[in-house]
1. Condition check: crowded, with 23+ Cβ neighbours inside 10 Å, outside any strand (DSSP E or B) and not β-branched (Val, Ile, Thr). Does His99 satisfy that?
2. Evaluate the following for Arg31: is it among the charged types (D, E, K, R), assigned to a helix (DSSP H, G or I) and farther than 23 Å from Ser215 by Cβ?
3. Across the range 27-52, what is the total count of residues that are among the acidic types (Asp, Glu) and modelled with pLDDT under 95?
4. Can you go through Pro2, Pro66 and tell me which one is surrounded by fewer than 22 Cβ atoms within 10 Å (Cβ to Cβ), touching an Asp or Glu at 6+ places or on another chain (Cβ under 9 Å), touching a residue at least 60 places away in the same chain (Cβ under 8 Å) and at negative phi?
5. Given Lys69, Lys79, Lys118, which one is of a type in the set (Lys, Arg), in contact with a strand residue (DSSP E or B) (Cβ under 7 Å, 6 or more places away or on another chain) and under 23 Å from Phe152 (Cβ atoms)?
6. Please verify whether Lys115 is over 24 Å from Phe82 (Cβ atoms) and either assigned by TED's automatic domain parsing to the domain that holds Lys79 or surrounded by 13 or more Cβ atoms within 10 Å (Cβ to Cβ) (or both), treating the condition exactly as stated.
7. Inspect the range 190-199 for any residue being in contact (Cβ under 8 Å) with a residue 24 or more places away in the chain and touching a helix residue (DSSP H, G or I) at 6+ places or on another chain (Cβ under 7 Å) and give the result as yes or no.
8. Which of the numbered conditions does Phe138 fail, given that it passes all the others? Conditions: (1) in contact with a Phe, Trp or Tyr (Cβ under 9 Å, 6 or more places away or on another chain); (2) surrounded by fewer than 19 Cβ atoms within 10 Å (Cβ to Cβ).
Amino acid sequence: MPVPAVCFAADVKHSKQMEKAYLIQVLEECRETLNREFSGDLIIPFSVRNGDELVGVSENFSSVYPVVKRLLTLSALRKCPFYLGIGIGGLETAGRSVHTMNGSAVIRAFEARDKHLKEKSEDARIWNGPDSETSVYFSSEHVPEGPLNALFNFITTIRRGWSEKQRQVIETIEKHPEWTYEKIGAHLGYKSPKSTVSHLLKRADYQKLKAVEESFIRLLILYEKELNQKER
């Protein structure tokens, strides 16, 4: 009996143009970081496959956005963009390793990556980002994938438009959520700490972004409940 799951299938863009040792170093760093930070959510831990792929499966739908967000951060930091296909569906209970896994979540993840992103299908073309950035596409045969792709790319578009100052403020907020605007602004060296931080956040559409992120996660949780009901 398959269980509801989300499969992540990442493939490094233009991997043949990268130095092999650096490529492996980046993939191993991503694998170790994701497996450490999301150990309680992964039903199949991330593994490196075929020298340029990173594959894993989560059984916790609320962790999907944090996993993707973390991978995007690592990708940007190491200048190693991915094609990332994400499949939502079932995972067969037998053969739970990246080499033997099966189920609709797995099939859809690889289709999203290879058929839609890499081959630039009509469905995914509008969501396929620049070659220098990680491209993400969600796919499912059981639940509507369109809202997920639309919400996620709205989030990506907002984040992509941030200035360096806006990014600094937001990274500080997310690292220290208990800090006040006054403390954040002082930490970053602003003469008018509270008003500067407030202005930067407003210009960055930060509150709007947080609302959309929450809606995105709630939709994934709703899909998880729907899949659990279908499996009964």
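The values are calculated or read from the model by the stated rules, or taken from the named source; none is laboratory data. Worth saying up front: this structure is predicted, and the values here are computed from it rather than measured. Reconstructed Cβ throughout: ideal geometry from the backbone, glycine too, with neighbour counts over all protein chains shown.
1. Judged against the criteria, His99 is not a match.
2. On the way: among the charged types (D, E, K, R): yes; assigned to a helix (DSSP H, G or I): yes; farther than 23 Å from Ser215 by Cβ: yes.
Here the answer is yes, as Arg31 does meet what is asked.
3. Step one: list which residues in the range 27-52 are among the acidic types (Asp, Glu), which gives 28-29, 32, 37, 41, 52.
Checking the rest, the ones that are also modelled with pLDDT under 95 come to 52.
The total comes to 1.
4. Details: Pro66 fails: touching a residue at least 60 places away in the same chain (Cβ under 8 Å).
On inspection, the qualifying residue turns out to be Pro2.
5. From the options Lys69, Lys79, Lys118, the qualifying one is Lys118.
6. So Lys115 fails the test.
7. Within the range 190-199 (the criterion being in contact (Cβ under 8 Å) with a residue 24 or more places away in the chain and touching a helix residue (DSSP H, G or I) at 6+ places or on another chain (Cβ under 7 Å)), the answer is yes, since at least one residue qualifies.
8. (2)
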